Structures are given as structure tokens and as C-alpha cells.
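To keep things clear, I will list the structure first and then write my remarks on it.
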Amino acid sequence: MADKPIIPSRIIPAGQPLPPRPPQPGEAPPWRTPPPSPPAPPAAPEAPPLAIQVHVTLDLAPVPEPTWRERLWAWVARIRPWQALAALAAAVFPIPFTGHSAATTWAYTVGEARDGFGPGYGYALAGIPLAVVVWRLVRKGGTFLRVFGLAVFLVGLTGAISLYDPVTWITGVTP
């Protein structure tokens, strides 16, 4: 075997005569078929249909800002009267076999907290649930349970209130 590798300089297909001269650099060999011609460019697109432009001008009158009375009436109108009356009646109607309503029971509990721990605890125990139920009532509207809670917590606030508190806050003198 030969130690030198075989490096073909050109390949002539079988059955073809030998060319008269070797191809020049950059020249395609004569036995190669020329590349196919590029495809024809696509046909020109159709002309777009005529566009119709419509211009609309709206002349909006400014909406007046509702007054505080109108906003208050709109808020009150969201609460159904029969639902509010039923919730208020349920809050102050005595629970069977106890003789006390839910509202008076809450007022008693808040009063005991005031007497046992101090006025701050009584006001906190009465005010925090009242603030939460008022916030929910204003944000989400009046339902039976929210109005019931409002009535219970308002009556419960009376258990935390003492008429001596304003005197104590203003003068610092305790009874």
C-alpha cells in the first residue's frame, strides 16, 4: 500500500469526455449543471378596497357632583327598611328563658370589662367591633347581620360610657 493519501482534484462523472483544460480558479467545471434559475417573483397584490372613515364626535355634558345629602340618601336607600327593622327588633327582643336581649347582654359584658379592667378596656371592647361593623356596613351595604351587629354594638357602647368620663378627661379629677 501507498503511504501517501489520495487527494482527488476533480471528479468527472462516468461517460463524460475529459475537458480540454482544467477550470480556472472561481470557474465552475463544465460538467456541472448550472443551478436552476430563481423562482418567479409573486404576483403583485390586489389593490386594497377603499376604506371608509367615520368620525364620531360626542358632546358630553358634565355630570354634577352629588351633594352630601344626595350621597347620604343613596347610602340609606341601600338598606332595605324591612330588613333594618327586623334586625333592630331582633337585637333588642329578649332571648327566651334569659329575659335579656343580645344588645343588653353585650352592654353588660362591656360594663363588666370597664369596671374590672378600666375605662379604656371598656371603650376598646365596645368601640372596635362597632367600628368594624360600621366600616363593613358602609363599604358592603346593609344586610340583616350587619344591621343587627350595629344595633347590638351601639347598645353595648352604653355599657362602656360613664357620665364622669368627660369630667375626668378635661380636669383629671376622678370621682
**Prompt:** To one decimal place, what Kirkwood hydrodynamic radius in Å is obtained for segment 25-129 from all pairs of distinct Cα atoms?
**Reply:** 24.2
**Request:** Just report the Cα centroid separation between segment 12-59 and segment 110-138, whole Å.
**Result:** 87
**Request:** Measure nothing fancy, just the Cα-based angle from helix 81-92's long axis to the longest principal axis of the chain, in degrees from 0 to 90, nearest 10.
**Result:** 50
**Message:** What distance in nm separates the two pseudo spin-label positions at Phe144 and Leu18, each 7 Å out from Cα along the beta-carbon direction?
**Reply:** 11.3
**Message:** Only sites in a loop by DSSP and with at most 13 other Cβ atoms within 10 Å count here; which chymotrypsin sites (Phe, Trp or Tyr not before Pro) in segment 19-102 make the cut?
**Reply:** Phe97
**Request:** Jot down the radius of gyration and Dmax of the chain, Cα atoms only, both in angstrom.
**Result:** 47.8, 133
**Folded to 0 to 90 degrees: helix 144-160 orientation relative to the chain principal axis, Cα** = 50
**Highest-fluctuation residue, Ile52, Ile128, Ile161 considered, GNM on the chain with Cα pairs under 10 Å** = Ile52
**Fill in**
the chain: longest segment with zero exposed trypsin sites (Lys or Arg not before Pro), where exposed means DSSP loop plus at most 12 other C-beta atoms within 10 Å, is residues 33-175
**Request:** Compute the long axis of helix 68-78 from its Cα atoms, compare it with the longest principal axis of the Cα atoms of the chain, and write down the angle in degrees, 0 to 90, nearest 10.
**Result:** 90
**Request:** Would you kindly derive the ³J(HN,Hα) couplings of segment 52-62 from the backbone phi angles with the Karplus curve 6.51 cos²θ - 1.76 cosθ + 1.60 (θ = phi - 60°), listing them in order in whole Hz, with x for Gly and Pro?
**Result:** 10, 9, 10, 10, 10, 10, 9, 10, 8, 7, x
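No lab work stands behind these numbers, since they all come straight from the coordinates. As the structure is a prediction and not an experimental result, all values here were calculated from the model. When we count neighbours, we look across all protein chains shown, and the Cβ atoms used for this are built from the backbone with ideal geometry, even at glycine.
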